[in-house]
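A.B. asks: I'd like to ask some things about the structure below.
Read the figures in this text as sums done on the coordinates, not as results from a lab. Quantities reported herein were computed from a predicted structural model and do not represent experimental measurements. Please note: Cβ atoms are built from the backbone with ideal geometry, for glycine as well, and neighbour counts cover all protein chains shown.
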Amino acid sequence: MPAVDSVNESAQSVTVLEELLKSLSVSKNEAETRAAANNIASLLNGPTDEQALPVKAVESLKKQLANKKDATAREKALDAILAIANHSTVSPAVEPYLLSLLGPTLVAVSDKMTSVKNLAQSAAIAIVKSINPNAVKAALPAIVNSLQNALKWAEKITALQCIESLVETAPVQLSYRVPDLIPVVSESMWDTKPEVKKAAYGTMEKVCGLIVNKDIERFIPELIKCISKPENVPETVHLLGATTFVTDVHEPTLAIMVPLLDRGLAERETAIKRKSAVIVDNMCKLVEDPQIVAAFLPKLMPALNKNFDTLADPEARGKTKQALDTLIRVGDVKDGKIPEVSTAGDIATVSAILKEILEPQHKASIPKFQATIEYIAAIAGQLIDEKVSDVASWTENTLAYLGAIVGEDSAKPIAETLRKRASPGAAEEVEVEEDEEEGEDLCNCTFNLAYGAKILLNQTHLRLKRGQRYGLLGPNGSGKSTLMRAINNEQVEGFPKKDEVKTVFVEHDLDAADTEQTVIGWTQKKLADVGITTPREEIEAKLLEFGFLQEQFENPITSLSGGWKMKLALARAVFESPDILLLDEPTNHLDVKNVAWLEQYLINSPCTSIIVSHDSGFLNNVIQHVIHYERFKLRRYRGNLTEFVKKLPSARSYFDLDASEMEFKFPEPGFLEGVKTKAKAIVRVTNMSFQYPGTSKPQLTDITFQCSLGSRIAVIGPNGAA
């Protein structure tokens, strides 16, 4: 009986859809049209057992949209498309078919009827805003087609507006498409229509805003000007020629730089050719993966080879040869053959793999759900491009769409098979433990994090248990301290507010207003700032427990050493009865004795703690879990630092200079006038004493020493000694 009921319900859904489509076509006024459109949207995006319902709806709307003889029919179709796209929850079963309407909708912007044109503009933008951010790869072909083949300029402007909408809704994902977008948007910057030129310039600025590279950020406006005004190339090459490149270079950076360098290498002036070669050399030394530069080698290498053969200036030829050698090395060019660009993330590649997986048991569904298959392939392709290969991300992003084809029960194994067969990184994936251990959840949220225009984390998951100690690890500049400050400032979406879960950030939080405060006075003030009134006796007792001396209580806070300031900040935090302690480099300035004290304090504390530290010994002794920054995600590993490094050996470079690929070069020290040997004293001190203002006794008494060029001196002692 259940199977019969399901068939009946499916048939009923199709009948209802047909009736609603008929109501739309015969509607007599705007109110009736909107009502029918909203009803269609609610039916398609609501629960239904008829998986092919969106297919039938889209076929009908496409037919209406293509009705050249009836402008009213076109208008009504666009009303329905707009209602579907603007629905509060667009169903995963509907998304792929809604996106298939983007091309016809953009074409409708060229309609001679103003009402149709206006509706088409709104509908096109609504469609791109409604899609899964990871599916941008599926949306771009229709947008690019409109930019290149639009019948009227209004269609081009709408296509540019669609790109700008994707910049807002899918910034991380669209940043991977910057190399594809810059050439087509550049073409529009040369359009004969002034309105298109102006719009394209604005779109280019927003697209280039996705490029994250500190070395060229300030030059991006000039680089964009060079696209519209090639005569600016020599001046911009001169500007960039003085730049020191230190940031890793990725495809988006090359996408905006290569057009300039290609023109620079073709300039008549030898000096510009030379500087362009120097920029290529310096910049490409920072390319880590041959695939990053592969797409740009066909432009750069022929230009460099030509200059090497024709330049008369030996020094310029030498710089050109250096640039060529660098490209050959980083691009893995062998015997002059440029490696092919990987197609692993292409929609066609992933789609073919998915069809092979579906064919044995779901062959009949393949032609019927072609749009959904390509949509899933676009999402999977984005994950491949981002080098995301973990089970959770693939399941989360593909499961609902696969369920629309094969049903929920069969979707999960297919998602996992697709991941293993399509993702190049799946075979090398480090196994990550399921986060299902017992204990009270203090936080279980998914969020994004940015610093200015730089995306740090994108749709990442964070789960914290009560009483656990977590080390937050990642490369320098990845955003560890930014995340902790965002948590403390209640800026992380989904993270419990402080009135639910008390979170306290422990840092050396002294500002100019604190310099006149006493130790007790500062503590009372900080507690009062968060609404806590604590008797002086309790504060004194806690400070004594933390190792402070009675005589320090009335001393100015400026008399404390860095280590004592950290202990005072921790004591202040304890008065707030925190559930979570956020500690940023807590061992800085602490002596060995106080580091050991802090370790024991955290181990025995009932608080959850998140710790950022470069002290590997301290972390290894304290933490129970590692939360690691990996490609805009946070990934949790169970165990201390030793266990983590076993699973991810490359992480040794965070603590071990020998394991780091970074090189330090210090200038050779020059000679000092009158000093001819390394043994001769250059500083000599006799019977010196020193006392910090506000302290009760001198820190140094009657010391005598001397320094020479050969001296290697370490100053050691407990916190507060000097």
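A.B. asks: Less than 14 Å Cβ to Cβ from Asp309, Lys/Arg counted +1 and Asp/Glu -1: what total charge do the surrounding residues give? Mind dumping the intermediate values first?
C.D. replies: Values: positive: Lys273, Lys306, Arg317, Lys321; negative: Asp313.
So the surrounding residues net to +3.
A.B. asks: Figure the gain on full extension for Lys112 and Lys68 (residue separation times 0.36 nm, minus the Cα-Cα span) and round it to one decimal in nm.
C.D. replies: Answer, rounded to one decimal: 14.8 nm.
A.B. asks: Apply the Debye scattering formula to the range 211-341, with a single equal point scatterer on each alpha-carbon and no solvent, then give log10 I(q)/I(0) at q = 0.10, 0.14, 0.19 Å⁻¹.
C.D. replies: Each listed q maps to, in turn, -0.28, -0.55, -1.05.
A.B. asks: Below 8 Å between Cα atoms, with a sequence gap of 6+, how large is the relative contact order for the chain in percent?
C.D. replies: 8
A.B. asks: Now a separate question. For the residues Phe296, Phe219, what sequence is obtained by ranking on other C-beta atoms within 10 Å, fewest first?
C.D. replies: Phe219, Phe296
A.B. asks: May I ask you to list the lysines whose Cα is less than 20 Å away from that of Lys526, ignoring any residue fewer than eight positions away on the same chain?
C.D. replies: Qualifying lysines at Cα under 20 Å: Lys497, Lys498, Lys502, Lys542, Lys565, Lys567.
A.B. asks: Any lysines with Cα under 24 Å of the Lys363 Cα? List them, leaving off those in the same chain fewer than 8 positions away.
C.D. replies: Within reach: Lys56, Lys355, Lys412, Lys420.
A.B. asks: Given axes a ≥ b ≥ c from the Cα gyration tensor, I'd like to know whether the range 441-659 is rounded (a/c under 1.5), prolate (a/b larger than b/c) or oblate.
C.D. replies: Numbers: a/c = 1.90, a/b = 1.50, b/c = 1.27.
Cα axes put the range 441-659 in the prolate bin.
A.B. asks: Taking the Cα-to-Cβ direction at Glu537 and at Leu709 and moving 7 Å from each Cα, how far apart do the two end points lie in nm?
C.D. replies: 6.6
A.B. asks: Let me ask something additional. Is it possible to state the helix-based mean residue ellipticity at 222 nm for the chain, with each DSSP H run of 4+ residues giving -39500 (n - 2.57), the sum divided by total residues, to the nearest 500 deg cm²/dmol? What is it? Before the final figure, lay out each step's value.
C.D. replies: Working: 31 runs with 384 residues, N = 722.
Here the helix-only value at 222 nm equals -16500 deg cm²/dmol.
A.B. asks: Please order Glu288, Glu673, Glu507 by the number of other Cβ within 10 Å, starting at the fewest.
C.D. replies: With the sparsest Cβ surroundings first, the list reads Glu673, Glu288, Glu507.
A.B. asks: Still on this structure, please answer the following. So what J values fall out for the range 112-128 if you push phi through Karplus, 6.51 cos²θ - 1.76 cosθ + 1.60 with θ = phi - 60°, rounded to Hz, Gly and Pro as x?
C.D. replies: So the J values, rounded to whole Hz, are 6, 7, 4, 5, 5, 4, 5, 5, 5, 4, 5, 5, 4, 5, 5, 4, 5.
A.B. asks: Can I ask one more? Charges on Cβ only, +1 for Lys and Arg, -1 for Asp and Glu, centred on the Cα centroid of the range 441-659; of Asn444, Thr558, Thr608, which one is farthest towards the dipole's positive end?
C.D. replies: Among Asn444, Thr558, Thr608, the one farthest towards the positive end of the dipole of the range 441-659 is Asn444.
A.B. asks: Another question about this same structure. Straight-line reach only, C-alpha to C-alpha below 23 angstrom: list the lysines that Lys273 could link to, leaving out same-chain residues fewer than 8 apart.
C.D. replies: By straight Cα distance, Lys273 reaches Lys225, Lys229, Lys285, Lys299, Lys306, Lys319, Lys321.
A.B. asks: Placing +1 at every Lys and Arg Cβ and -1 at every Asp and Glu Cβ, with all other atoms neutral, what dipole size does the range 472-601 have around its Cα centre, in debye to the nearest 20? Write out the running numbers ahead of the final one.
C.D. replies: On the way: 13 positive and 22 negative charges, 36 e Å.
Value, rounded to 20: 180 debye.
A.B. asks: Step by step: find N for the range 1-131, compute 2.2 N^0.38 Å, then divide the Cα radius of gyration by it. What's the final number?
C.D. replies: Working it through for the range 1-131, the quotient is 1.03.
A.B. asks: Given q = 0.09, 0.13, 0.14, 0.18 Å⁻¹, what are the Debye log10 I(q)/I(0) values for the range 77-230, with equal point scatterers placed on the Cα positions and solvent ignored?
C.D. replies: Each listed q corresponds, in turn, to -0.28, -0.58, -0.66, -1.04.
A.B. asks: If you don't mind, another one. Give me the percent of DSSP beta bridges within the chain that run antiparallel, rounded to the nearest 5.
C.D. replies: Percent antiparallel among DSSP bridges in the chain is about 60.
A.B. asks: If you don't mind, another one. Measure out, as a whole number of angstrom, how far apart the alpha-carbon centroids of the range 566-632 and the range 318-337 sit.
C.D. replies: The range 566-632 and the range 318-337 have Cα centres spaced 48 Å from each other.
A.B. asks: Further question on the same structure: Could you check the spin-label model distance between Thr642 and Asp332? Points 7 Å from the Cα along Cα→Cβ, value in nm.
C.D. replies: 3.6
A.B. asks: For the range 211-341, with only Lys/Arg (+1) and Asp/Glu (-1) charged at the beta-carbon, what is the dipole magnitude about the Cα centre, in debye rounded to 20?
C.D. replies: That gives the range 211-341 a dipole magnitude of about 300 debye.
A.B. asks: What ranking of Phe369, Phe671, Phe447 emerges when the number of other C-beta atoms within 10 Å of each C-beta is taken as an exposure proxy, fewest first?
C.D. replies: Placing the least packed residue first, the sequence is Phe671, Phe447, Phe369.
A.B. asks: Can you bin the chain into rounded, prolate or oblate? Criterion: square roots of the alpha carbon gyration tensor eigenvalues sorted a ≥ b ≥ c, rounded for a/c under 1.5, prolate for a/b above b/c, oblate for the rest.
C.D. replies: oblate
A.B. asks: Give me the number: length gained by fully extending Arg421 to Ser650, i.e. 0.36 nm times residue separation minus the C-alpha to C-alpha distance, one decimal in nm.
C.D. replies: Values: separation 229, 0.36 × 229 = 82.44 nm, distance 2.55 nm.
Here the segment from Arg421 to Ser650 would lengthen by 79.9 nm.
A.B. asks: Extension gain Gln459-Glu288, at 0.36 nm per residue separation less the Cα-Cα distance, in nm?
C.D. replies: 59.0 nm
A.B. asks: Follow-up question, since we're still on this one. Compute the Cα gyration tensor for the range 33-84, then decide on rounded, prolate or oblate, letting a ≥ b ≥ c be the square roots of its eigenvalues: rounded whenever a/c is under 1.5, prolate when a/b is larger than b/c in the other cases, and oblate in all that remain.
C.D. replies: oblate
A.B. asks: Give, rounded to the nearest 20 debye, the magnitude of the charge dipole that the range 347-422 has about its Cα centre when Lys and Arg contribute +1 at Cβ and Asp and Glu contribute -1 at Cβ.
C.D. replies: 220
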